[in-house]
Amino acid sequence: MINQLTPPIPLLSVVIPLLNESGNVQPLIAEITAALQAYAPISDGFEIICVDDGSSDATSEEVKQAQIENGHVRLIRHPKRLGMSGALRNGIRRAHATWVMTIDGDRQNDPSDAPRLLDLAWTKGRERKVLVAGIRVNRQDTPSKRWASRIANKIRKTLLNDNCPDTGCSLKVFQRDAYLELPFFNGLHRFMPALFKLYGHETIFTPVNDRPRQHGVSKSDFAGRAIKGLFDLMGVIWLIRRTPVPERGSE
């Protein structure tokens, strides 16, 4: 009988939600791989989970091509679009590592910022659950999108007191089990700082680079997102007031 070796459990799972990101997939995977392999605490101990959220272009085919050359890459495909929160949720549920990093599939997040977020997470994460989130300091979006984001962030920050000036940045690091204990709903990814804080976890924010999109188009619907965001915000306020936070007693 031949003994089959069990693959080692990775130290970090990188989850990338993708929707029609043909042209961005392979360069992004290459950048993430280079950044993490150069980061001594990780080296080869990571996986990259690409979640194709119902793309109609060659996104999945490009991920499959990357898999041939890169053993770190995994692919999850949705037959129909679930949205950003659903794609992240499924990727994180399928992750093998204790720690998760999320990053946008449009290459506007810069993988070279990842080691700094990981350093912060692993320094603080030895003592308690933690969320480290990037704050974009040189936004490359259109003026209208930057203006809408500033207004939305100001309203959310005031009403939720989450101290986060930019929840729209997807570059985040956190423990998988801390995320999975949060209540799930569409739009969760924009309220993670408030919910991590609600559950007694530490939140840390750090400046990160923002890059212009090179391929594809933005999937944002400003008017639709504003309306949904308002309902989501009211729902999160209700949720915070009605959630009995689990006790963190000693064992």
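Numbers below:
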quantity: Residue within segment 50-63 that is under 24 Å from residue 121 (Cβ atoms), at pLDDT 95 or above and crowded, with 21+ Cβ neighbours inside 10 Å present; calculated: yes
quantity: Every residue from segment 97-116 that is buried (at least 16 other Cβ atoms within 10 Å of the Cβ), touching a strand residue (DSSP E or B) at 6+ places or on another chain (Cβ under 8 Å) and not aliphatic (A, V, I, L, M); calculated: 99, 102, 104, 105, 108, 109, 110, 113, 116
quantity: Flag for residue 194 being among the aliphatic types (A, V, I, L, M) and modelled with pLDDT of 95 or more; calculated: no
quantity: Counted residues, segment 179-191 - those being over 17 Å from residue 132 (Cβ atoms) and modelled with pLDDT of 95 or more; calculated: 1
quantity: Those residues of segment 127-160 which are out of contact with any strand residue (DSSP E or B) (no Cβ under 6 Å at 6 or more places or on another chain), at pLDDT 70 or above and either closer than 15 Å to residue 39 by Cα or buried (at least 16 other Cβ atoms within 10 Å of the Cβ) (or both), in sequence order; calculated: 160
quantity: Tabulated pairs, segment 185-200, first surrounded by fewer than 19 Cβ atoms within 10 Å (Cβ to Cβ), second polar (S, T, N, Q) and assigned to a helix (DSSP H, G or I), C-beta under 8 angstrom, 6+ apart or interchain; calculated: 185/85; 186/85; 187/85
quantity: Residue in segment 117-126 that is closer than 21 Å to residue 43 by Cα, modelled with pLDDT under 95 and crowded, with 21+ Cβ neighbours inside 10 Å present; calculated: yes
quantity: Some residue of segment 171-178 being modelled with pLDDT of 95 or more, closer than 19 Å to residue 106 by Cβ, within 14 Å of the chain's Cα centre (by Cα) and assigned to a loop (DSSP other than H, G, I, E, B); calculated: yes
quantity: Restricting segment 219-247 to residues that are among the small types (Gly, Ala, Ser) and under 22 Å from the mean Cα position of the chain (by Cα), the residue that is modelled with the highest pLDDT; calculated: 235
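Okay, residues lined up against (1) within 29 Å of residue 187 (Cα to Cα); (2) in contact with a Pro (Cβ under 8 Å, 6 or more places away or on another chain):
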| site | (1), (2) |
| --- | --- |
| 19 | yes, no |
| 28 | yes, yes |
| 48 | yes, no |
| 55 | yes, no |
| 70 | no, no |
| 83 | yes, no |
| 90 | yes, no |
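The values are calculated or read from the model by the stated rules, or taken from the named source; none is laboratory data. Note that the structure is predicted; figures quoted are calculated from it, not measured. FYI the Cβ positions are ideal-geometry reconstructions off the backbone, even for glycines, and counts take in every protein chain you see.
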